[in-house]
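The values are calculated or read from the model by the stated rules, or taken from the named source; none is laboratory data. As the structure is a prediction and not an experimental result, all values here were calculated from the model. Here the Cβ is made from the backbone with ideal geometry for all residues, glycine too, and neighbour counts use every protein chain on show. Heads up: the accessible areas ignore ligands, DNA and RNA and are worked out on the full protein's heavy atoms, side chains in. Shrake-Rupley method; radii C 1.70, N 1.55, O 1.52, S 1.80 Å.
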Amino acid sequence: MRKILFASSEVHPLMKTGGLADVSASLPIALREHGQDVRIIMPAYRQSLQHLEQLETVATIKLDGYHSAVDILQTTLPDSDVVLWLLDSPHHYDRDGGPYSDPTGQDWADNAARFALLSRAAVKIALNEAGLDWQPDILHCNDWQTGLAPALLATRKQRPQTVFTIHNLAYQGLFSEDVFQALDLPDSLWQMEGLEFYGMMSFMKGGLIFADQITTVSPTYAREICTHEFGYGLEGLLSYRLQQGRLSGILNGIDSHIWDPQQDAFITKKYSSKTVRNKALNKTALQQHFLLPENKDSLLIGLISRLVSQKGIDLAVEAMERVLKVGHDVQLVCLGSGEAELEQALRVLRARYPDRVGITIGYDEALSHQIEAGADVFLMPSRFEPCGLNQMYSLRYGTLPIVRNTGGLADTVVDASDENRKAGIANGFSFDEPATAALEQTLLRAVALFARPRIWRSMMLVAMQHDFSWENSAIAYIELYHHIVNR
Ligand code: ADP
């Protein structure tokens with residue numbers, strides 16, 4: 001058994017903006033089920049505290065660079081026995097809005113201080129200096145918000161080993177040199193072999209340089225971030241760490257209780273691979289929900305996403321426009337929110353094809369399940385995708401993904417080429433170029449195969465059989481922890 005401190009800025013269901021939150025709940029729970037002593041540290045956001053009862057103050061700590069002491073509140077992660085520590089600093093976390101931005105979408109001006117605080121608290125606990133009488137063997141940090149922790153720990157004796165997981169290299173936590181000074185960090189960190197990145201401070205670099213091991217959330221993404229196209233200028237550093245054997249990829253799992261068509265309370269009719277015909281009732285319900293014609297033969301395409309350039313939403317809109325213009329029998333339902341132009345592009349598409357396109361701008365957990373269950377295919381043409389969860393949910397629901405061949409999408413979706421279909425391994429559709437024409441061609445391939453129900457059904461069954469539970473990934477992390485502790 002290992003003792004693991006898991007530090008994250010979002011943990012489902014207490015705070016979530018994306019896949020990081022799902023991983024930060026599911027992985028600790030899976031590790032716990034494998035007998036590990038894992039504890040989570042996260043900020044005590046206002047919304048998180050509203051979810052929780054029976055909070056106990058178990059420590060009060062004073063951190064370098066901060067005037068006031070902060071409390072550590074203890075509870076357990078909902079529906080589990082994983083110990084959860086919340087860092088209670090009302091000045092930093094007790095506010096309306098998201099974890100990183102205010103209600104208008106502007107980044108909080110004090111984000112550096114808010115997440116340096118999280119990193120410093122993790123370090124304090126990691127060194128058993130928080131008065132909790134517990135010292136982890138491993139500090140597992142996640143994304144830039146926790147990147148300072150490996151940097152601050154690196155020079156300390158009697159410290160745990162550090163793992164830093166990149167969930168998305170696109171968000172790096174870059175701040176000015178003045179902010180670096182204001183955080184009261186050791187001067188020695190202001191250098192190229194430290195946090196400095198072209199005159200700015202990079203929280204992410206703290207993890208990339210100082211962590212004992214770096215992981216990312218799929219094997220393909222681990223290789224991609226070592227290239228110019230995906231590395232944001234960090235590819236040299238990442239290639240070096242890869243050569244050192246300090247960078248690897250472990251595919252995320254999914255919460256197979258929450259995402260299970262056999263027991264999903266959000267959907268109209270539950271189904272499994274044995275009763276897959278019942279999926280049709282979910283399709284009808286979804287068409288009704290979006291006021292689209294209840295036509296079984298229309299290929300119903302689902303899309304659930306943050307509406308940002310990463311996700312290739314512009315490609316989706318343009319390719320759909322082309323496919324709809326020539327009268328193909330397809331329907332599109334979208335759920336998401338994000339950049340104003342992309343929201344607008346979807347609205348325009350719906351206005352042009354009101355009986356073909358349905359959209360909901362916003363965040364809606366129940367509807368996301370209904371789309372996964374009701375759609376025939378799931379569209380995810382991401383420009384890059386560290387892992388991606390929705391394509392795995394889709395596979396589980398027999399909703400064939402259409403994806404760009406990148407990152408975790410490449411590691412999970414097997415294209416419906418003749419060869420792959422004959423081999424019985426095809427479970428979706430993929431394309432290489434991040435271009436409208438490539439996606440359009442792929443959509444047309446899906447339309448053509450959808451007209452051949454036997455082939456389609458056999459692909460659905462291949463998709464539904466695959467096990468994407470956390471079991472395999474948790475074992476891979478435990479092996480990694482074991483490896484680095486003994487290194
Ligand atoms: P990312 O973390 O880059 O946003 P992932 O595919 O890894 O992408 O995870 C996204 C998660 O957020 C999934 O659980 C997805 O279902 C959920 N999600 C994204 N947008 C919405 C939305 N508008 N409504 C409900 N769930 C959403």
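Between the stretch 434-451 and the stretch 140-219, the C-alpha centres lie 41 angstrom from each other.
Excluding same-chain neighbours fewer than eight residues apart, the lysines reachable from Lys269 by a Cα-Cα span under 18 Å are Lys279, Lys283, Lys296.
Would you mind pulling out the separation of the Cα centroids of the stretch 1-59 and the stretch 267-316, in Å? So the two Cα centres are separated by 31 Å. A cut-off of 5 Å between modelled amide H atoms, ignoring neighbours fewer than 5 places along the same chain, links Leu84 with Ile40, Thr75, Thr76, Leu77.
Classify the stretch 362-487 as rounded, prolate or oblate from the Cα gyration tensor: take a ≥ b ≥ c as the square roots of its eigenvalues, call it rounded if a/c is under 1.5, otherwise prolate when a/b beats b/c and oblate if not. Prolate is the answer for the stretch 362-487, as a/c is 1.5 or above and a/b outweighs b/c. A prolate overall shape is assigned to the chain, the ratio a/c of its alpha-carbon gyration tensor axes (a ≥ b ≥ c) being 1.5 or greater and a/b exceeding b/c.
Sparsely packed loop sites in the stretch 288-352 (the GluC sites (Glu not before Pro) outside DSSP H, G, I, E and B with at most 14 other Cβ atoms within 10 Å) comprise Glu294.
To put it simply, the accessible area of the stretch 276-464 at a 1.4 Å probe is 51 percent carbon and sulfur. Suppose R0 equals 30 Å; then what is the FRET efficiency for Lys3 and Ser273 from their Cβ-Cβ distance, rounded to the nearest 0.05? That pair, Lys3 with Ser273, gives E of 0.15. In this structure, Asn486 and Asp364 have a Cβ-Cβ separation that, at R0 = 56 Å, corresponds to a calculated FRET efficiency of about 0.75. Sequence-distant contacts, meaning Cα pairs under 8 Å at least 6 residues apart, place the relative contact order of the stretch 276-464 at 22 percent. Modelled this way, with points 7 Å down the Cα-to-C-beta line, the labels at Leu444 and Thr17 are 3.9 nm from one another.
From the Cα gyration tensor of the stretch 276-464, with a ≥ b ≥ c the square roots of its eigenvalues, which class applies: rounded if a/c is under 1.5, or else prolate if a/b is larger than b/c, or else oblate? Note, shape of the stretch 276-464 comes out rounded. Computed from the C-beta positions of Gln50 and Asp418, the FRET efficiency with R₀ = 45 Å rounds to 0.25.
For the chain, the relative contact order is 12 percent, taking Cα pairs closer than 8 Å that sit 6 or more residues apart in sequence and dividing their mean separation by the residue count. Loop-resident trypsin sites (Lys or Arg not before Pro) (DSSP state other than H, G, I, E or B) in the stretch 217-293 with no more than 14 further Cβ atoms inside 10 Å of their Cβ: Lys274.
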